[in-house]
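The values are calculated or read from the model by the stated rules, or taken from the named source; none is laboratory data. Treat the numbers as computed from the prediction; the structure is a model and nothing was measured. Glycine gets a Cβ as well: all are built from the backbone with ideal geometry, and neighbour counts include every protein chain shown.
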Amino acid sequence: MLSADLVIATAIAYVGLLFVLAYLGDRRARANKKIWLNSSTVYTLSISVYCTSWTFYGAVGNAARSGLEFLTIYLGPTLVFVGWYFLLRRLVRISHLYRITSVADLLSSRFGKSSRLGVLVTCIAVVGIAPYIALQLKAVTSSIQAVAGTSEFGRGSLEGIDDVGLAFGVAAGMALFTILFGTRHVDAKEQHHGVVAAIAFEAVVKLAALVAVGVFVVYIGGGFEGIFSRAADLGIDFASSTTFDARWITTLVLSIAAIVCLPRQFQVTVVENSNENHLRVAGWAFPAYMLLMSIFILPIAIYGLSVMPANSNPDMFALTLPLNAGQNGLALFAFIGGFSSATSMIILESIALSIMVSNHIIMPLVLRFTPSSQGDGQGMSKMLLVARRFSIVLILSLGFSYFLFTRDSDALAPIGLISFTAIAQFFPALLAAIFWRDASLKAVTTAVTVGFILWAWTCFLPSLDSLSPAIAALLVEGPWGISWLRPQAMFGLEGWDPLAHAAFWSLSVNVLILTLGSLLTTPSALERIQATAFVDVFRRRGMPQRNFVRGSATANDLFFVAERVLGEKRAGALFESAARESGVEPAVLDPTPEFIGRLERELAGSIGAASAHVMLSKVVAGGDVSLEEMMQMADEAQQVIEYTQQLEKTSTELRLTAKKLEDANAQLRELDSQKDEFLSQVSHEVRTPMTSIRSFSEILLDSDDLAPAQRRRFVSTIHQESLRLTKLLDEILDLSALERGERSWQNVPVDAEEALDRALLVCDALLRQKGMSVEVGERAHVTMVEGDADRLCQVFINIISNAVKYNDADEPRMWVSSTVRGGSYIVEVSDNGPGISKRDRKLIFEKFWRGVEGSGDQGGAGLGLAISRQIVARMNGSLELVQGAAPGACFRIRLPIVGKRN
Amino acid sequence: MMLLTLIGFLLLVPPVAHLFNHDFSILGVPQVVFYLFGVWLALIIATWALTRRLEPDPDIETGEAEE
């Protein structure tokens, strides 16, 4: 049989061993020989600090009391780690980049470096964790009592000491141990290699102990089958229909939140992580660890229920079963395992919480009340350590107080779940912080506060019902008799499991306020910057935060600040390396915004982001103004971008104009060459009749003996040639007069059909000469248009004669039709000639244009179409070339009908 | 990864978990116990297999694509 003294001595020796381990671990880490310390195995084992004495003792008790429910506490974390790539990797990356030291730091940093949020989260964490620490104290106390109670050596040195005294002793010892362990120095990244090494060792011890007990139980119980058949004999029903009820889901969700948000889990998983790739192993190895832990819990619980007396505490089965069987060695090992799981939790939890308390509550107070000009080199560093030691004592005494108040309740697991529910209030805020850009400080603060108040009312308060009859009465009747405010039946929601009830109300209201609040409020500039930095952490690699824009601080001021927090050595090293990088003496180092940003992150590693920001703001004049400046700079950048876009637009327009000009120029050149050609044509045209006139007149002058008939013929030729000349000159004059608007006529209603008939009649001879057939299609009959009958007839003649002149088909044909459509009189003249090439279409209505393929003998001077177009335009109509049914060209004349001119 | 978490969650809550809650034993272990530990083990193995297939130091761009 074991004596209580032996057990206590073993525990103290074990703690001594841990201390040596931590010391060696720190030494190795300092000597940069952290090969094994830095491995993913150690990392995974340290995460298993999740399995506390709650697992070791409480889970067995829970299994004995409510069957499979204990599994959810491990299945939730499994789900989180299985999806490590999604959530944990992001958290680790953010924390590495921005030197996050705790959940409070993460939230305060993300939501605009708000110190108030940091304080709020810290307070909630400290209060919320108190039951959890009480659970560990209770477990350790009960385990010692369990051993002492069965001991034949009596209570030894424990004689006369009750539970409370024992728990006080344990708490005091733990406080001392944690202070010695965790607060010897302030680390740059808040990584405690020594502690982590010790925790990893404890993880192995507790696993080995539980497995040893489990194997022993399975062995003496007749294998798994034997044990489960015992369960059936006893009438223990795991397959009850109530297993998977609201409580199952609640505990699953709570454990998912807890594995991320519990201060110690955040500490080991995120802050102590030195390499992102360690997560790859932890992703499957940590769930595997938990699987191994829980595989024997059910057999231990069942066997315990079947062989132990009915009034024994099921929480202690892991310890009392070996004791009962007389296996003292195994019982001692089990005790060490349980002790191990309790100590590792208390140590890490209080370290993590003390960092939060000192960074978010004590440091800001110190900063506020001490002017920055005071303090000597190491002052701040020392102050920080003292603050942490004080916090550890505070946290453990809170835990002890809770233990004191609730020592009558005997089950362990429900106490832990109270803490889980409190900590779960951070989970919505944490998810919003890293995934939702629009989440705002006000919404998060309100949501967490309200969630916490609801937790305190529905979960924390009921757990204290044994403390005073007033609380018990409150539970039954509600405050001031208001029944819908009863803590365990809020708003009339009765008949639920108290835990599911509390979790439902606190978390759903929390999420609701967070979502609606964020949508309704506008985040500040700093919040927006931080939101982008956190949410887009994988998009921008290591983008430094630059909240201080223009360094109005000198290197001296900054060094002073850095020295106060980091200590002289590290501050000096930091400044020297910065000076080396920029290639100047440390004394004349110019503090660039990048450097100030880096310094802020270094400081944040020691005192939290909010405090670091406040400290530097004091030195770098007008930190807020700098931020405004930055926003202004961003605006200016925006303006430059807009200006550039405008320039681009303008240059595009210029390019278009240039292109148009080029086209116009090409057209001009084309016209110019046409004009040259025309001039030579005109010269030719004029020269030919002039030559014949001159030669005939010379003959007439020189030869007197000409026959009268011959003389008469010559004179008539001279006359004809003169007429041709006159006609040509007339045409040129006519066109230029038309163009300049000099030649005008009275637009009067005329019958367009009559003009068309006349034109066809005039061209009859020409058509016959060519042998061209005319098909007259649909006719419009009498249609009155505004214009001049003779001029209109001239236009028709011109178009018809063109169709005749340029047609080289074997069987020349022409189609003429006229219709009235949409208030317009439309005449179409088409033929089966060669048509007009695409290139010429733009040019045919230009002056001086003659069909390129048309040879000089076609007569006209190339003015006909130009004149026709001018005439039609003068009658408010249009003359255009369209795509007709016939293969050749198709001209369309469109004139408005009288009275319908619109 | 994300999918694994979601599937895991669905398998572990009602109504799916109810499907495997019948009153008979496999190798002397109640079916529901067998089922829960089975899902757990499957999740661990699937994560291990998936992690092996990921690049050792995942690049930032591919990391975004994965999510």
Quick one: in region A:66-93, which of the residues that are more than 10 Å from chain B (Cβ to nearest Cβ) and modelled with pLDDT under 85 is surrounded by the most Cβ atoms within 10 Å (Cβ to Cβ)? A:PHE70
Quick one: is A:LEU292 within 30 Å of A:SER40 (Cβ to Cβ), surrounded by fewer than 24 Cβ atoms within 10 Å (Cβ to Cβ), among the aliphatic types (A, V, I, L, M) and at pLDDT 80 or above? yes
With region A:242-305 as the region, which helices (runs of 4 or more DSSP H) entirely inside it contain at least 2 residues that are at the interface with chain B (Cβ under 10 Å from one of its Cβ atoms)? A:246-261, A:278-295
Scan region A:596-613 residue by residue and report those that are under 11 Å from A:TYR98 (Cβ atoms), of a type outside the set (A, V, I, L, M, F, W, C) and without any contact (Cβ under 8 Å) to a residue 60 or more places away in the chain. A:GLY597, A:GLU600
Selection from region B:33-57 of residues that are modelled with pLDDT under 75 and facing another protein chain (nearest Cβ under 8 Å): B:LEU54, B:PRO56, B:ASP57
Can you report the number of residues in region A:767-788 which are among the hydroxyl-bearing types (Ser, Thr, Tyr) and surrounded by fewer than 10 Cβ atoms within 10 Å (Cβ to Cβ)? 0
Return only the number of the condition from (1) in a loop (DSSP other than H, G, I, E, B); (2) among the basic types (Lys, Arg); (3) at pLDDT 75 or above that A:ARG546 does not satisfy. (3)
When the residues of region A:425-473 are narrowed to those that are of a type in the set (Phe, Trp, Tyr) and over 20 Å from A:ARG528 (Cα atoms), which ends up modelled with the lowest pLDDT? A:PHE460
Condition first: over 15 Å from A:ILE897 (Cβ atoms) and either surrounded by 11 or more Cβ atoms within 10 Å (Cβ to Cβ) or among the acidic types (Asp, Glu) (or both). Now tell me which residues in region A:736-760 satisfy that. A:SER736, A:ALA737, A:LEU738, A:GLU739, A:GLU742, A:ARG743, A:TRP745, A:ASP757, A:ARG758, A:ALA759, A:LEU760
Determine whether A:SER419 is of a type in the set (Ser, Thr, Tyr), within 27 Å of A:LEU88 (Cα to Cα) and at pLDDT 85 or above. yes
Only listed residue being more than 19 Å from A:PHE56 (Cα to Cα), out of contact with any Phe, Trp or Tyr (no Cβ under 9 Å at 6 or more places or on another chain) and either modelled with pLDDT of 75 or more or crowded, with 22+ Cβ neighbours inside 10 Å (or both), chosen from A:LEU180, A:LEU234, A:LEU166: A:LEU166
